[in-house]
Each structure stands twice: as structure tokens, then as C-alpha cells.
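The values are calculated or read from the model by the stated rules, or taken from the named source; none is laboratory data. All figures in this text were calculated on a predicted structure; none of them were measured in a lab. Don't worry about glycine lacking a Cβ; one is built from the backbone with ideal geometry, like all the others, and counts go over all protein chains shown. Side chains are part of the model used for accessible areas, which takes the heavy atoms of the whole protein and leaves out ligands, DNA and RNA. Shrake-Rupley method; radii C 1.70, N 1.55, O 1.52, S 1.80 Å.
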Amino acid sequence: MGKSLFWYSSELLFAYFLTELAGLPVTAMGIVIATGFLVSAVIDIGIGVGLQRRLRTAASAGRMQLVGAVSCSLTLIAVFLGAWLPQEVRFGYALMVGVAFRFAFAAYDIPQNALMALGTPDAASRLRVASTRIWFSGAATLIVAAAVGPLVARGHADGIMLLLIMSAIFVVISLIGAFLLARMLQDTRPVIRPEPQSSPPGSQMPRKFWLLLGVMVATSLFTPAFGKLEPYFAAFTLRSAWWGGAVIIFMSLGIVAGQPLWLHLCRQMRSGWVMLIAALVQLGALTGFGLFGGIDSGVAAATAFGFGLGNGGVGMVQWAAFSETVSRAGAARAGVSYGLFAATGKVSLASGGLLIAMALARIDYRVSESEALVPLMAALPAAGAICCAIIGVALARQPRQA
């Protein structure tokens, strides 16, 4: 949950912070976010390769994620301090500190992701860990979402102070969790020595590995648009801090509430069919949001819950299936595989951030065209849901592994 608090602070609040509190133009916001993600993609692969010898046991991964948590804590606070700098240096500062945050997050993220393969003994435990992971990720989303309403309602100085106080609380939660995790992880497997002439990490991966990379592209390029645009939707379409906060909170509740359902379904049927069902739930909710979300605030909140419900299902299947695939490939490939997985997501997130910036630059969302935010929030994630539905069918048709 500590790591997700950092992640969703950047996912849900960075864009709004840069344009509405730091005063950057929309195009500058897109450049800052995209640059951070693109640099982070290179960093992810570099860390995955560089730590390949270290990320072979649960204990070593636990120590590495603690180092990442400390670095991430410092850089998150530094990001929000940029709004108090002179206007002429904010863009350069945002670029520099944004890249530093992405580097620190990669050092936090990859070791902790690798634990899903290194710290679990079988497929059933990986499924339970994936569900628990998404549950607490949803809880983190809920906590960050609770700040959206007050952030929209407050002015410049109060809004920045709120973000700094919130960040300090997140730092405490993250550091305590990372420290306890590093202390309690003990290795039960022998250390796997590197093979003298091993093939490149992706060369022997099954087709399922590449299908799951496709899911990562879809869920990173399109799906985050709903959360990134929600603060704008709250401030300029609903013009209600209370309802704006409620919409994103209901989305988070959907992610959390759906985990027992998706875990039960994964025990009853193949994970690809579960991904298909979750993607269809997303599509249904986004259709309702696109048609009625700008008219009725209650409907916007209800459909956001449905979107979160489906989103949590796709995420749980994605992480459980990927961890199982990496585990079968061997612990020696865990660091590089998760680095490639994370890098794919970051490149897609960069592209998605630019896409959102381009869309916002074409509409007068602050005054006369605020209603245009509604179809934008519905259409982009719907494209991701369609991709996940197609890939879910392909995953379900994969031959069963022994």
C-alpha cells in the first residue's frame, strides 16, 4: 500500500498539480509527465539488468525495496515543493525532479514486484498475493482519492500545503511498511547462481508473456485517463468538490470491493475468461458514464464504481498471470522480466500522458467546453478495456501448462 500511495499520487494528482497549482501550460505538463515516464522506462530495464544478480531471493529483494522507499519519499516531497519556486524555473525544476522521482520509484517498484515470484511457492499463493496486492492498491487509491475534493476546493497555497502534508503521511506509511517487509523476509530457497551462458531474458519466454505485455500496454496507455482527468472533471464539469471527490472514491471502492469476487472466479475458471468478464464490466460502466456522467453526479459515481470493479479484476489477473509466467521461467530472470514489464508500462504511460495533454490543449475545458471531458474520460479507458477483452480471449485459449 505504501508503494501504491506514491504511485497514485503521481497518477491522479501530478497532471492537475502541474497545470492548476504550479501554473504550467498543458503542453508543458505533457512534456514533464512523458519525459519522466520515458526516462523511467530506460531506468526500469537498467535496474532489472543491473540487479539481476541481486534479485534472486526474497530477502535481497526486500532490502532493495527499502532503499527504493527511502529515495521515493525524498523525491515525492521535492516534486510538490516546486510550486513555490519562481515561475520561470518551475518547468525545468519539474522536469528534473520528475525524472528523479521516476528513478526512485523504479528502485522501489521492481524489487517489490519481483517478490510476487520470489516470495511465493506455488500458483495458488501467487493468486492470493495478487488479489491482496490489488486490494491494498485500491485502498491506496481510496486514500489519494479522498484528497481530490479538498484539493479542488482549496486555493493555490492551501492546495500545495495539503499535498505536502499528505505526502509526509504517505512517507511514514511507506517507510514503516518497507522496513518491516525487509526485516521479516527470510529466504527458504537456495541462492540461484547465474548460468555462465544464459540466453537473453525474453528469448525463451512463452507466448503468454508477450500477451501479458500487451495487457500492460492497454492498461497503461488508455485506462489511467479516467483517473488523470477526474480532478479536471470535478473542478470544471461537476464544479463540485464534494461530488468530484465522491466519483474517484467510488472508483477506488470498486477496485477494493471486487477482489473477493475476482479471486473466486479465478478459482473456478481460466484467468483469461476472468479478464474478459472484468473488461466487459469496464465497458458497460464506461458506456453509462459517457452517456450520463456529465448530467447526473450520482450516475457518475455509480458508473465510476463499476469501472473500478472491472479495473481491479483486470489488474489482479494481469499480475497473477505474469508472476506465474516469470516464476516458471526461473528466479534468475525475475529482475529483467519485471524490468521489461515495468518499462513497457512506462512507455505506454508516457504516450498516454501526451495523448491527454494533446486532447486538453484542443478544448477550452476551464470555461465553455467542460462537458467534452466526459466522452474523453469514457472513450480512452474503453479502448483499453476492448484490448484487454481481446487479449483475455487469447489467454484463455492458451494450452494449459503442466
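One table, with the values for the structure above:
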quantity: 0 to 90° range, to nearest 10: angle between helix 156-184 axis and the chain longest Cα axis; calculated: 10 degrees
quantity: Gaussian network model of the chain, Cα within-10 Å springs - most flexible of ALA41, ALA279, ALA383; calculated: ALA383
quantity: Segment THR287-VAL367, extension gain: residue separation times 0.36 nm, minus the distance between their alpha carbons; calculated: 26.3 nm
quantity: Rounded accessible area of PHE233 (nearest 10 Å², 1.4 Å probe); calculated: 0 Å²
quantity: Set of aspartates and glutamates with alpha-carbon distance to LYS228 below 12 Å, sequence-local pairs under 8 removed; calculated: GLU11
quantity: Cα extents of the stretch 1-142 along the three principal axes, largest first (Å); calculated: 53, 33, 22
quantity: Theoretical gain in end-to-end length, TRP210 to THR132 [0.36 nm per residue, Cα-Cα removed]; calculated: 25.6 nm
quantity: Gaussian network model of the chain, Cα within-10 Å springs - most flexible of TRP84, TRP319, TRP243; calculated: TRP84
quantity: Shape box of the chain [Cα atoms, principal axes, largest first, Å]; calculated: 62, 44, 32
quantity: Partners for LYS208 among lysines (Cα-Cα distance below 26 Å; same-chain residues under 8 apart left out); calculated: LYS346
quantity: The stretch 71-174: C-alpha gyration tensor shape, a/c 1.5 cut-off, then a/b vs b/c; calculated: oblate
quantity: Accessible-area ranking of VAL42, VAL347, largest first, probe 1.4 Å; calculated: VAL42, VAL347
quantity: For the chain, built as a Gaussian network whose Cα springs stay under 10 Å, the top-fluctuating residue of ARG362, ARG183, ARG270; calculated: ARG362
quantity: Surface per residue (accessible, 1.4 Å probe) for the chain, Å²; calculated: 39 Å²
quantity: Highest to lowest packing among 140-147, 364-371, scored as the average C-beta count within 10 Å; calculated: 140-147, 364-371
quantity: Mean residue ellipticity (222 nm) of the chain, computed from DSSP H runs ≥ 4 via -39,500 (n - 2.57), nearest 500; calculated: -27000 deg cm²/dmol
quantity: Exposure of GLU324 as accessible area (Å², to 10), given a probe of 1.4 Å and all protein chains; calculated: 20 Å²
quantity: Average Cα contact separation per residue, the chain, under 8 Å, 6 or more apart, as relative contact order %; calculated: 29 percent
quantity: Percent carbon-and-sulfur accessible area, the chain, ignoring ligands, DNA and RNA, probe 1.4 Å; calculated: 67 percent
quantity: Alpha carbon centroid spacing (whole Å) that separates the stretch 258-313 from the stretch 84-134; calculated: 25 Å
quantity: Largest-first ordering by accessible area, 1.4 Å probe, given options CYS388, CYS266; calculated: CYS266, CYS388
quantity: Tensor-based shape of the stretch 263-354 (alpha-carbon gyration tensor, a/c under 1.5 rounded, otherwise prolate or oblate); calculated: oblate
quantity: Tilt relative to the chain, helix 87-118 - C-alpha long axis, 0 to 90 degrees, to 10; calculated: 30 degrees
quantity: Calculated FRET value between MET269 and ALA157, using beta carbons and R₀ = 51 Å, to 0.05; calculated: 0.45
quantity: Cα-based shape type of the stretch 241-312, given that a ≥ b ≥ c are square roots of the gyration tensor eigenvalues and the cut on a/c is 1.5; calculated: oblate
quantity: Crossing angle, helix 58-81 versus the chain [Cα axis fit, 0-90 degrees, rounded to tens]; calculated: 10 degrees
quantity: Residue-span extension gain [VAL70 to PHE179] - 0.36 nm each, minus C-alpha spacing; calculated: 38.3 nm
quantity: Relative contact order for the stretch 69-150, counting Cα pairs under 8 Å that sit 6 or more residues apart, in percent; calculated: 28 percent
